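Student: My questions all concern the structure below.
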Ligand code: SME
């Protein structure tokens, strides 16, 4: 049995998503493709998906990969709510230490959530990645993913 870890190549991921979504402007289709490609690119990613801004101060689940996620998250709650409220990436090395973390799965140990900005500059959604590994994510992941998200949703 191979113990080789699969790690995302963000340059390849950017090109793959661009190729798969060429000419597409439907946001749900873009999110579904993004979640699928990202989720399967790296063994650290155990839940990968979007929470969409559906009304002021409210997030609702969007396309995702992994076990079921909670359907609604107000901006006042959770790691996703913090990313939406503050407009900043939330890099959580230990979810147990994040006050108000919403555990959709008891196995989650670390989490990365990024704001997703639309073409108008408004907040469109947040991208949530959960890992069963502690301290799975780095600032390099956050910075690289922000660029990939912008290439798909902001231009
Ligand atoms: N952990 C997130 C909730 C979404 S589930 O993990 C998919 C949060 O605290 O906002």
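What follows draws every value from the coordinates through simple rules; no lab data is involved. A quick note: this is a predicted structure, and the numbers were derived from the prediction, not measured. Here the Cβ is made from the backbone with ideal geometry for all residues, glycine too, and neighbour counts use every protein chain on show.
Student: Between residue 68 and residue 151, what is 0.36 nm times their sequence separation minus the Cα-Cα distance? Round to one decimal in nm.
Tutor: On the way: separation 83, 0.36 × 83 = 29.88 nm, distance 2.75 nm.
Contour length minus Cα-Cα distance gives 27.1 nm.
Student: Computed over the Cα atoms of the chain, what is the ratio Rg over Rh, Rh following Kirkwood?
Tutor: 0.94
Student: Could you check the spin-label model distance between residue 122 and residue 88? Points 7 Å from the Cα along Cα→Cβ, value in nm.
Tutor: Placing both labels 7 Å along Cα→Cβ, they lie 2.5 nm apart.
Student: Okay, next question. With a Förster radius of 25 Å, plug the Cβ-Cβ distance of residue 103 and residue 135 into 1/(1 + (r/R0)^6) and report the FRET value to the nearest 0.05.
Tutor: The value I calculate is 0.90.
Student: A further question follows. Please work out the FRET efficiency for the pair residue 96 and residue 6, using the Cβ-Cβ distance as r and a Förster radius of 25 Å; give the result to the nearest 0.05.
Tutor: Efficiency computed from Cβ-Cβ geometry: 0.45.
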